[in-house]
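The values are calculated or read from the model by the stated rules, or taken from the named source; none is laboratory data. Bear in mind that the values here come from a model prediction, so they are computed numbers and not experimental data. Every residue, glycine among them, receives a Cβ derived from its backbone with ideal geometry; neighbour counts consider all protein chains shown. Please note that ligands, DNA and RNA were not included when accessible areas were found on the heavy atoms of the full protein model with its side chains. Shrake-Rupley method; radii C 1.70, N 1.55, O 1.52, S 1.80 Å.
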Amino acid sequence: MALSDYINTGKALMIISGILLSVVIAFFFGAVGQFITRLVFTFDYQKRLKRYGGIWGGLAMSMITYFILVKGAKGASFITPETLAWIKGHAALIFLSSFMLFGLVFQALVTLTRINILKPIVLIGTFALAMAFAANDLVNFIGVPLAGLNAYKVAAAAENPLTASMAALQSKVPSNTYLLLLAGAIMVITLWVSKKARTVTKTEVDLGRQDEGLERFNSSTISRALVRIVSGPIDLLKKITPAKLGQAVEKRFDASRVTENGVTGSDVPSFDLLRASVNLMVASAVVSYATSHKLPLSTTYVTFMVAMGSSLADQAWGRESAVYRVTGVLTVIGGWFITAVAAFAVASVFAAMICFFKIPAVIGLLLMIGVLLWRNHQFHHNKKEEDRSLQAFSLKEVTDAEEAIKTSFMHAGNFLKEVSTNLSESIDGLFCENRIVLKKARAQTKKIQLWANVIVANIFKTLYLLQREDVEHTKKYLQTVRSLQEIAERHRDLVIRSYQHIDNLHTGLSAPQKTELSKLHECVATILSQSVAQFMGQCAPDCTPILSYCEKLNHMIVEFDRNQVTRIQGRESKTRLSILFYGFLDGYAKISDQTMALVVIYKDSVAHIAQRDIG
């Protein structure tokens, strides 16, 4: 038989094309819906809910209710075919009745009470989407094993399984209620304990969050190109739009003066309840419409793309974050389809292995799956630990400028401590010409660079907290930013230089060079450790001992520079070795100078805070 007789290619292509189209449609309607909603309600939506709350609540709840009926009734065993047919035949009546009923109820709530009607909308909408996700994921989870079990039963009943007809598999696969309950229980437990589930949720929330901050994804060539392509028409539209109209729209999208009432610190949501309700309402509408017309789509893809479209319309993707957010969206979408292609290919390979090698192949595949699951668990565990380490640098709980300054320097102390440790490992690896140690040290540079970026972002938050009369004093914190970035860059440069030198099998350091670099490193390590002690509050701020070590370091650099020139003239040092040696001289000098600058700023900051407290 031909391959096309085994695979329903027409149906498969229709599903794939439908899913691709639904991604674009969901993003478009998410953006349009959020733009119109924000234009009407603005970010200060509480006042306008009094006027339009009934209409908005009725519209949102009628869409969500219809979504629940369409998606829920379709697969519910307790709903008869006659009832399902009546629901489909009276869709308009159900929608209008729901709109009027919920509209009156919500208008009464916003008029007579202080209840925020967006909360029940978000709660019920979340339940509706959770129901849809549960139904879809249950089918995805248990559907293939049940189909395989049914195929096995059909083959076992045939005299020759290899010549059995595929006609029996064209009908609906009968389901076992107990197997469905078992699969549902496994799904609930998995969602409760799975680190990956939290990672997936965090990815979507981070890509759509309103505030700026550390971005999870780096920029890419494609994302930069897309942002440029989209920016052109937007800039043109701004130019041809009348100035007064443009200013009015911009004012309604200004979120800078609006904060969540009574919510501070780490409890501040990534986006407000208005956008959350739009996400649920639009996703419900798109899924309901497609389902009622038997159009193929993915509830997961639609919900994600609606959230991305609404965040774009809400100006969460500003010029500071657009390329990173677009990269994240492209990564997620690419992951979906790459996974689909990979699943198709891997399934065929596994089937061939089982066909040819029988039981040994099954055992081998089970072992491989176990290893992959363990590695996946380790990956997400490490990712969680990395996120937890970044949370240690959070300033969300700090609302006082003075406390923010002290906390930022404490974070800088942890940063310098890690730099010192990593430099020591790198030097040891360089002296021993141990590529494995240097490779691990190089891997750590990414984390240290990330820490520096987080601390820099915290310093800018600190500047927002400082009062206007402290403007002159805040100039010093800009120097703090430069110092932290310079230290991180010099540290990364030294570690990478060391790794590349050994990785390329170049000549190792000579005994005199090792001796000199050891003295320099010891001096720099002392400067860093004493600075860390001051930043962590273990001793009083004092620039004198650190300044003396910096002067000592500079004297040694001058002396060792002369020694290296002598070695070069005597042809005792190769070119690449000389480049590496001078890289360390320059890097250590810059790190010590910038660390000294941080200590001076810290001492001045402590004195300034003490003076303000006395005043």
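The residue pairs whose first member lies in region 361-386 and is part of a helix (DSSP H, G or I), whose second member is open to solvent by less than 90 Å² (accessible area, probe 1.4 Å) and at pLDDT below 75, and whose beta carbons are closer than 7 Å, counting only pairs six or more residues apart or on different chains, are HIS380/LYS195; HIS380/THR199; HIS381/LYS195; LYS383/THR199; LYS384/LYS195. Taken as a whole, region 102-123 holds no residue that is open to solvent by 50 Å² or more (accessible area, probe 1.4 Å), under 30 Å from TYR178 (Cβ atoms) and part of a helix (DSSP H, G or I). Consider region 228-244 and keep the residues that are within 30 Å of GLN449 (Cβ to Cβ) and modelled with pLDDT under 85. The one that is least open to solvent (accessible area, probe 1.4 Å) is SER231. Cβ-Cβ distances below 9 Å connect no pair with a first residue in region 582-594 that is more than 13 Å from ALA488 (Cα to Cα), a second residue that is at pLDDT 95 or above and open to solvent by 70 Å² or more (accessible area, probe 1.4 Å), and a separation of six or more residues or different chains.
I want to confirm something. Restricting to region 311-360 and keeping residues that are within 32 Å of the chain's Cα centre (by Cα), in a helix (DSSP H, G or I) and of a type in the set (Phe, Trp, Tyr), which single residue is surrounded by the fewest Cβ atoms within 10 Å (Cβ to Cβ)? Here the answer is PHE344.
Annotation for region 129-139: at least one member residue is assigned to a helix (DSSP H, G or I), modelled with pLDDT under 80 and open to solvent by 90 Å² or more (accessible area, probe 1.4 Å). In this structure, is VAL32 open to solvent by 60 Å² or more (accessible area, probe 1.4 Å), over 20 Å from PHE106 (Cβ atoms) and at pLDDT 85 or above? Answer is no for this residue. Of the numbered criteria (1) among the small types (Gly, Ala, Ser); (2) within 17 Å of the chain's Cα centre (by Cα); (3) modelled with pLDDT of 85 or more; (4) exposed (fewer than 11 other Cβ atoms within 10 Å of the Cβ), the one GLY370 fails is (2). Among the residues of region 98-129, those that are over 29 Å from the mean Cα position of the chain (by Cα) and either within 13 Å of ILE64 (Cα to Cα) or aromatic (Phe, Trp, Tyr) (or both) comprise SER98, PHE99, PHE102, PHE106. For region 318-351, the set of residues classified as in contact with a Leu (Cβ under 9 Å, 6 or more places away or on another chain), modelled with pLDDT under 85 and not aliphatic (A, V, I, L, M) consists of PHE337 only. Of the residues making up region 220-235, at least one is touching a Leu at 6+ places or on another chain (Cβ under 8 Å) and either assigned to a loop (DSSP other than H, G, I, E, B) or of a type in the set (D, E, K, R) (or both).
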